[in-house]
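Student: Quick one: this structure, given as structure tokens, is what I'll be asking you about.
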Amino acid sequence: MEPIKKFMADDALLAPYIISDGAALDQRLSAFIRQQLGSWPELREAHDGLRQSLYKKIFLNDLEVELQHNPFRIKSSTAKVDKQSIEARPCFLCPENLYPDQRALAYKNDWLILGNPYPIFPDHLVVSHTEHLLQEIGACLGTMISFVADTGGAFEAFYNGPACGASAPDHLHFQAYPAGGIPLVSQVQLVIAAGMGLSQISDMQGQGACFAGEVDHRGVFICRSQNSAALEENLIRAVSHLKKVTHVQDEPLINIIIAADGPDLIGILLPRKAHRPGCYFSQDGDHMLVSPGAVDVGGLLVLPRREDYERMTREQVLGVFTEVCFGKDILQNFQMV
């Protein structure tokens, strides 16, 4: 624990940045972020760069998505995540490898909240385990749900599976961002109310509702519940179904987003069939640097190169979703108990 202690942001460090109730997690996060922006030059530079990002919206068949041109994300988008490359580099989430000015805020007993030096959103955070454990949803889903609930929904969280978006598949973590950053989260209510390719498959025995279907070439499983344990149980059940039908030994390819809407907690699971689309690997004029994680399939496509941002079309977005996401059929025979 010694390497961790020297990086911890304690009450004394945060005190000058606390505006109101210092015990509330969302207030402590706000203070922590301000402290890090003031004392960690690389993080401040990255956030300054984020403010220069370009945005535009594209309407697909059902919903709108947004494109973000963010050059600072090129390192994450081009990250080598094969076993040999991972083993050859130091783990950037382990405490001994953090930036000299980086600090960590303790969460529960086994988690560290860190600023993300390659942000997609203002106040983008990484929540990593104190131990060097492999990325696996069963080990962090409960913490994701608790984190969102403990912030009163001020922050949302997302999980990238080890083979579909995680730049550190060797270290257990999820990411968090201020509520409203991923378009699909705010679109969920519209999708459900309009019956946009979704159907209810369970009332969770009176503890909420689960829906499954397809939106803009993306198969999706959605749960709403005020009961965090019931939400976790049903999402894990969906993961188990995907593991069975995709015939994988390890974790199936998944992205998960956790959010809150009033008293309800929301879980959105997007089943994946590939990490990156064919255009990522193309050596000719079709090459585009798009490496989808939860944020991208959630409707905010991050494009580090200006030329990709300028030429990405509706048809290409739908093509990317078709290549990397399963459609509704993958959830067709999913039986809720």
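Student: Filter segment 195-236 down to residues that are of a type in the set (D, E, K, R) and farther than 19 Å from ASP264 by Cβ and give me whichever is nearest to the chain's Cα centre (by Cα).
Tutor: ARG218
Student: Considering every residue within segment 179-194, establish whether at least one is more than 19 Å from the chain's Cα centre (by Cα), surrounded by 17 or more Cβ atoms within 10 Å (Cβ to Cβ) and either closer than 24 Å to ILE120 by Cα or in contact (Cβ under 8 Å) with a residue 24 or more places away in the chain (or both).
Tutor: The answer is yes, given that some residue of segment 179-194 is more than 19 Å from the chain's Cα centre (by Cα), surrounded by 17 or more Cβ atoms within 10 Å (Cβ to Cβ) and either closer than 24 Å to ILE120 by Cα or in contact (Cβ under 8 Å) with a residue 24 or more places away in the chain (or both).
Student: A further question follows. Quick one: would you say TYR177 is in a strand (DSSP E or B) and touching an Asp or Glu at 6+ places or on another chain (Cβ under 8 Å)?
Tutor: yes
Student: Let me ask something additional. Quickly run through segment 59-101 and pick out the residues that are surrounded by fewer than 16 Cβ atoms within 10 Å (Cβ to Cβ) and under 27 Å from VAL188 (Cα atoms).
Tutor: Residues satisfying the conditions are PHE59, ASN61, GLU64, GLU66.
Student: From the list SER20, SER30, which one is at negative phi and outside any helix (DSSP H, G or I)?
Tutor: After applying the criteria, what remains is SER20.
Results for (1) at pLDDT 95 or above; (2) in contact with a Leu (Cβ under 7 Å, 6 or more places away or on another chain), shown as yes or no for each residue.
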{"site": "ASP26", "(1), (2)": "no, no"}
{"site": "LYS57", "(1), (2)": "yes, no"}
{"site": "HIS69", "(1), (2)": "yes, yes"}
{"site": "ARG73", "(1), (2)": "no, no"}
{"site": "ILE86", "(1), (2)": "no, no"}
{"site": "TYR107", "(1), (2)": "yes, no"}
{"site": "ASP110", "(1), (2)": "yes, no"}
{"site": "LEU114", "(1), (2)": "yes, yes"}
{"site": "PRO122", "(1), (2)": "yes, yes"}
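Student: Still on this structure, please answer the following. Which ones in segment 291-320 are farther than 17 Å from TYR55 by Cβ and either in contact with a strand residue (DSSP E or B) (Cβ under 9 Å, 6 or more places away or on another chain) or among the hydroxyl-bearing types (Ser, Thr, Tyr) (or both)?
Tutor: SER291, PRO292, GLY293, ALA294, VAL297, VAL320
Student: Here are some residues: ARG272, ARG237, ARG218, ARG224. Which one is farther than 26 Å from LEU289 by Cβ, basic (Lys, Arg) and in contact with a strand residue (DSSP E or B) (Cβ under 8 Å, 6 or more places away or on another chain)?
Tutor: Being farther than 26 Å from LEU289 by Cβ, basic (Lys, Arg) and in contact with a strand residue (DSSP E or B) (Cβ under 8 Å, 6 or more places away or on another chain) holds for just one of ARG272, ARG237, ARG218, ARG224, which is ARG224.
Student: Return the residues of segment 327-337 that are hydrophobic (A, V, I, L, M, F, W, C), touching a strand residue (DSSP E or B) at 6+ places or on another chain (Cβ under 8 Å) and in a loop (DSSP other than H, G, I, E, B); say none if nothing qualifies.
Tutor: Selection gives PHE334, MET336.
Student: Shifting gears a bit: So the check is Cβ under 9 Å with 6+ separation or different chains; which pairs have a first residue in segment 141-157 that's free of Cβ contacts under 8 Å to residues at least 40 places away in the same chain and closer than 12 Å to GLN175 by Cα and a second one that's crowded, with 18+ Cβ neighbours inside 10 Å and among the hydroxyl-bearing types (Ser, Thr, Tyr)?
Tutor: Hits for this filter: THR143/TYR107.
Student: Can you name the residue in segment 325-337 that is out of contact with any His (no Cβ under 7 Å at 6 or more places or on another chain) and buried (at least 21 other Cβ atoms within 10 Å of the Cβ) and, of all such residues, is nearest to SER199 (Cα to Cα)?
Tutor: Among residues in segment 325-337 that are out of contact with any His (no Cβ under 7 Å at 6 or more places or on another chain) and buried (at least 21 other Cβ atoms within 10 Å of the Cβ), the one nearest to SER199 (Cα to Cα) is LEU331.
Student: OK, next. Across segment 33-71, what is the number of residues that are acidic (Asp, Glu) and part of a helix (DSSP H, G or I)?
Tutor: 3
Student: Here's something else I'd like to know. Just a yes or no: is a residue in segment 139-152 part of a loop (DSSP other than H, G, I, E, B) and surrounded by fewer than 18 Cβ atoms within 10 Å (Cβ to Cβ)?
Tutor: yes
Student: So, in segment 109-127, exactly how many residues are free of Cβ contacts under 8 Å to residues at least 40 places away in the same chain and touching a helix residue (DSSP H, G or I) at 6+ places or on another chain (Cβ under 9 Å)?
Tutor: So the answer is 3.
Student: Further question: What tally of residues in segment 153-174 results from selecting those that are of a type in the set (D, E, K, R) and either over 13 Å from the mean Cα position of the chain (by Cα) or in a loop (DSSP other than H, G, I, E, B) (or both)?
Tutor: Final tally of qualifying residues: 1.
Student: Further question: Residues in segment 72-124 that are touching a strand residue (DSSP E or B) at 6+ places or on another chain (Cβ under 9 Å), of a type outside the set (Gly, Ala, Ser) and in a helix (DSSP H, G or I): how many?
Tutor: 2
Student: While we're here: Enumerate the pairs (first residue in segment 58-81 and among the small types (Gly, Ala, Ser); second residue anywhere and in a helix (DSSP H, G or I)) with beta-carbon separation below 9 Å, excluding pairs fewer than 6 apart on the same chain, so at least 6 apart or on different chains.
Tutor: Cβ pairs passing all conditions: SER77/TYR280; ALA79/SER85.
The values are calculated or read from the model by the stated rules, or taken from the named source; none is laboratory data. Computed from a predicted model, the values in this text were never measured in an experiment. Ideal geometry is used to build each Cβ from the backbone, glycine not excepted, and the neighbour counts take in all protein chains shown.
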